[in-house]
1. Please report the accessible area of T146 (heavy atoms, 1.4 Å probe, ligands and nucleic acids excluded) in Å², nearest 10.
2. Amide H to amide H, which residues 5 or more places from N154 or on other chains are under 5 Å from it, using H placed in the peptide plane?
3. Which peptide among 32-38, 56-62 comes first, and what is the full order, when sorted by highest mean count of other Cβ atoms within 10 Å?
Amino acid sequence: AGDSSATRRTRHLVLPTGARVDVGAAVGLGARFFGRVVRLDGRRAVAALLGDPLLTFSAVAVEESLIGKSAADAVSPKTDPAHPTPPLRTRNLGRLRSLGFDSDGAVLVAWRPRSGESAPLTGRVRIATSSGDRGVPAGLWVGTCTLPAGEGENVLHIAPVQDPSELLRMRIRLRATHFEELP
């Protein structure tokens, strides 16, 4: 378990001997994102999970109408002109900052849309991690929400893919190992 505070959502994780983990590394399971490592102490790590005020991450929104389709269908349109599949519509959300949980279990995150976007994606979307955070790979699923059309600071209500507090085991993204080229 993590911190004994109603406002925090953390987990204390025991690392195997020799694990190469950096602060900021992604914590998840499979293709699901649950949080990031915020502190290391020897063989222990503290992870801020979805809903914890210390959690920030870069995100992208993917049009929900494409959810459930194969990756090939979502990325490239079909060649049949009678039944074309629209190309993948995404929106770079930039940095999201966790604010806690709503009473219905949704993760609350602060988001400020960029001004001047032409035809931005709004409505029901699926949220995933995006590039921009060292130790967090792009494409890990966070959950679904509705993007508002307004400008200024917004609070998104993300229905998480899974509540990380229910899990007994998670995975941490290890630091990349660089090999020297020998002559």
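1. Here the residue's solvent-accessible area equals roughly 80 Å².
2. W111, R112
3. Peptide ranking by packing, descending: 32-38, 56-62.
The values are calculated or read from the model by the stated rules, or taken from the named source; none is laboratory data. Bear in mind the structure is a predicted one, so any value in this text is a computation, not a measurement. Glycine gets a Cβ as well: all are built from the backbone with ideal geometry, and neighbour counts include every protein chain shown. Protein only, heavy atoms only, side chains kept; ligands, DNA and RNA dropped before computing areas. Shrake-Rupley method; radii C 1.70, N 1.55, O 1.52, S 1.80 Å.
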